[in-house]
Amino acid sequence: MSLRHFLTLSDLTKQELENLIKRASELRKMQHAGEIYQPFVGRTLGMIFEKSSTRTRISFETGMGQFGGNAIFLSPNDTQLGRGEPLEDSARVISSMVDIIMIRTFGHEKVETFAEYSSVPIINALTDEYHPCQLLADMQTYYEHRGSIENKIVTWVGDGNNMCSSFMQAANQFGFELRVAAPYGFEPDPKLMERFSHCVSLVENVQDAAKDSNLIVTDVWASMGQESEQNTRARRFAPYQVTPSLLDKADPEVVFMHCLPAHRGEEISHDMLNDPRSVVWDEAENRLHAQKALMEFLLKDKIKLPA
Ligand code: CP
Ligand code: NVA
């Protein structure tokens, strides 16, 4: 099989994504049952982090450990990446030693360059433009709580950021309708809006956007790298706080998701995560199972899968 990367959700077909979500649920059950499954003995994951992380780092590192392999944490502070070694050279060298690499960085073009020069699969673990790994966990979580998301309504509330762009791609791949309620000036990338106009729309009023929705999602107002805009954004986003009463406008079976970290009193009210419709803790845990399913998929030619 030719080399596969996971830079955005569009790198996998609809069928591959659906299979991956189901496999992540199986891996969750196996993990909960205490089953030992180690298809990656002798394999190594390189983890390049140019931004902070809790969930992504722990899920990849723990997942690799549970699979019997090793993970190496590589930060620009401690590698030559931070001292200007070209990405192309780093990609060639690192990929000559490890079996798979995940990268969290700023510009999306950096993961694209890395993938171009890498001899092993590259996973986008968040760029300024996309966060596809989070969407795997989110789709898995919806499937586990409510079944298929096809033909459902999903409402994105807040910044048209990296998470929102990945939700737009997910709407196309998983076949749901996405409504985006974002303040003026913080709407999603217009090119993506155009490309996904068959399944994504802007809805100005957040209450209207929530009506009959099956899934409501939000995210931090100022993403990593935008810290200096925090105060301006806080003023502009204030009407977009997600609360239990917003969820009351939605379908009775609605669930609430947030990729975390969450900021109570900002994008969500203090009581939002305690609401029974919130599934954020399962969503966070599913990062582990979804990451394992993704690595298994990308390395499937190198490992012996169970019969
Ligand atoms: N949701 C998410 O990616 O969390 P971290 O930034 O903690 O990895
Ligand atoms: N949009 C957020 C997601 C964090 C997981 C950020 O990029 O900081």
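Going through region 250-307 one residue at a time, which ones are among the acidic types (Asp, Glu) and at pLDDT 95 or above? Walk me through how you get there before you give the answer.
Let us first name the residues in region 250-307 that are among the acidic types (Asp, Glu), namely 251, 253, 266-267, 271, 275, 282-283, 285, 296, 301.
If the condition is that a residue be among the acidic types (Asp, Glu) and at pLDDT 95 or above, then Asp251, Glu253, Glu266, Glu267, Asp271, Asp275, Asp282, Glu283, Glu285, Glu296 are the ones that fit.
Mind checking whether some residue in region 64-75 is in contact with a Leu (Cβ under 6 Å, 6 or more places away or on another chain) and either assigned to a helix (DSSP H, G or I) or at positive phi (or both)?
To start, the set of residues in region 64-75 that are in contact with a Leu (Cβ under 6 Å, 6 or more places away or on another chain) comprises 64, 71.
Still in the running and either assigned to a helix (DSSP H, G or I) or at positive phi (or both): 64.
Within region 64-75, one or more residues are in contact with a Leu (Cβ under 6 Å, 6 or more places away or on another chain) and either assigned to a helix (DSSP H, G or I) or at positive phi (or both).
Any residue that is in contact with a strand residue (DSSP E or B) (Cβ under 7 Å, 6 or more places away or on another chain), aliphatic (A, V, I, L, M) and under 17 Å from Ala182 (Cβ atoms) - is there at least one of those in region 219-241? Reasoning before the result, please.
Here is the first cut: in region 219-241, the ones in contact with a strand residue (DSSP E or B) (Cβ under 7 Å, 6 or more places away or on another chain) are 219, 240-241.
Next, from what is left, pick out any that are aliphatic (A, V, I, L, M): none.
No - not one qualifying residue is present in region 219-241.
Would you point out the residue of region 193-223, among those that are within 22 Å of the chain's Cα centre (by Cα) and of a type in the set (S, T, N, Q), that is surrounded by the most Cβ atoms within 10 Å (Cβ to Cβ)?
Looking at residues that are within 22 Å of the chain's Cα centre (by Cα) and of a type in the set (S, T, N, Q), I get Thr218.
Give, as residue ranges, the helices (runs of 4 or more DSSP H) completely inside region 151-244 that count at least 1 residues that are hydroxyl-bearing (Ser, Thr, Tyr) and within 16 Å of ligand 2 (Cβ to nearest atom). Talk me through it step by step, then tell me what you get.
Values: elements: 162-174, 190-195, 206-210, 230-237.
Filter on region 151-244 gives 162-174.
Being away from ligand 2 (no atom under 14 Å from the Cβ) and crowded, with 24+ Cβ neighbours inside 10 Å is the filter; apply it to region 121-138 and report the residue that is farthest from Leu294 (Cα to Cα). Working first, answer last.
Narrowing region 121-138 to residues away from ligand 2 (no atom under 14 Å from the Cβ): 121-123.
Next, only the ones that are crowded, with 24+ Cβ neighbours inside 10 Å stay: 122-123.
Values: Ile122: 11, Ile123: 9 Å.
That would be Ile122.
Condition check ((1) crowded, with 24+ Cβ neighbours inside 10 Å; (2) within 16 Å of ligand 1 (Cβ to nearest atom); (3) over 27 Å from Arg233 (Cβ atoms)) across all residues:
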site: Glu144; (1), (2), (3): no, no, yes
site: Lys152; (1), (2), (3): no, no, yes
site: Trp156; (1), (2), (3): yes, yes, no
site: Lys191; (1), (2), (3): no, no, no
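Filter region 31-61 down to residues that are assigned to a helix (DSSP H, G or I) and surrounded by 16 or more Cβ atoms within 10 Å (Cβ to Cβ) and give me whichever is farthest from ligand 2 (Cβ to nearest atom).
Of everything passing the filter in region 31-61, Gln31 is farthest from ligand 2 (Cβ to nearest atom).
The values are calculated or read from the model by the stated rules, or taken from the named source; none is laboratory data. Keep in mind that what you see is a predicted model, and the values were worked out from it rather than measured. Please note: Cβ atoms are built from the backbone with ideal geometry, for glycine as well, and neighbour counts cover all protein chains shown.
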